[in-house]
Amino acid sequence: MSEPGAVTERLTRIRADLARAACEAGRQDEVALVVVTKTVPNDEILEAYAAGQRLFGENRVQEAVAKIGQLKVAMPDARWHLIGHLQTNKTRVAAENFATIESVDTVRLARKLDAAAGRLHRQLPVFLEVNAAGETTKSGFSASGLVQAIPDLLTCPSLELCGLMTVAPLVTNPDDVAGVFRSMRELRDDIRLRFDLPSLLHLSMGMSGDYQVAVREGATIVRIGRAIFGERPITERGPG
Ligand SMILES: *Cc1c(COP(=O)(O)O)cnc(C)c1O
């Protein structure tokens, strides 16, 4: 649990860090911050909201939906991104509750989400998750698999392909993953050009440990939890 005021203070520092990193990289565009709230108590989420934060990320559908419901009245204009693996049997709930799904990792999932979004009469912004370092424990398209999948993904009329997302390997020195982030930027540029996809703009990459490197390499969205709320309880399941 964080002291009252601590969340605001860390949020302010991270926003300044992001602006500085973007400036140092010679970038004019803004880097969006998704505040990751998995396992975080509602009062701390409300503190972030009171500090002006509107964009939030959760990695498990069930837990997120409960939280989103509880916070709806107090945070009417909050937008939620799903950043964790989505099972195909939860696409309807996901399409109902999230502004954006950042973790589309198979064509099969994309088709299910497309059908769910269509039934809700909405255009659903999605990101395609890339397993950039080819780690066996992580989901996501390989770079070549993604290029092959794009034609299929383009047949999903209710999905809007907004960008790519990745979770970089855990390393001691964040500079070691600069190459991973760079390859993501190249992949996005390649796919945008090759398939003429002007909407495929975003690169969601960078977390508490590596966001400065990610911004230097072209992240347009970073997803940060621990650096704002402190370490999560160790009882948490899985890598997310
Ligand atoms: C938990 C999580 C984050 C945030 O990680 P921190 O280390 O807490 O900043 C970002 N992206 C995904 C997909 C996550 O599951």
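The values are calculated or read from the model by the stated rules, or taken from the named source; none is laboratory data. Bear in mind the structure is a predicted one, so any value in this text is a computation, not a measurement. Quick reminder, even Gly has a Cβ in these numbers, built from the backbone with ideal geometry, and neighbours come from all protein chains shown. With ligands, DNA and RNA removed, areas are computed over all heavy atoms of the protein, side chains included. Shrake-Rupley method; radii C 1.70, N 1.55, O 1.52, S 1.80 Å.
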Worksheet item: Going by the structure shown, is ARG232 open to solvent by 20 Å² or more (accessible area, probe 1.4 Å) and more than 9 Å from the ligand (Cβ to nearest atom)?
Response: no
Worksheet, complete the sentence: Taking region 46-66 and the residues there that are surrounded by fewer than 18 Cβ atoms within 10 Å (Cβ to Cβ), of a type in the set (A, V, I, L, M) and closer than 24 Å to THR8 by Cβ, the one that is nearest to the ligand (Cβ to nearest atom) would be LEU55
Fill in: Selection count where residues are part of a helix (DSSP H, G or I) and either closer than 28 Å to THR37 by Cα or touching a residue at least 24 places away in the same chain (Cβ under 8 Å) (or both), scope region 180-216
17
Fill in: Looking only at region 143-161, and only at residues there that are among the polar types (S, T, N, Q) and closer than 25 Å to ALA115 by Cβ, the one that is most open to solvent (accessible area, probe 1.4 Å)
GLN148
Discussion item. From the list ALA22, ALA99, exactly one residue is touching a residue at least 60 places away in the same chain (Cβ under 8 Å) and closer than 25 Å to ALA214 by Cα. Which is it?
Written reply: ALA22
Response to the item:
Residues of region 202-229 being open to solvent by 10 Å² or more (accessible area, probe 1.4 Å), within 10 Å of LEU18 (Cβ to Cβ) and more than 9 Å from the ligand (Cβ to nearest atom), in sequence order, are GLN212
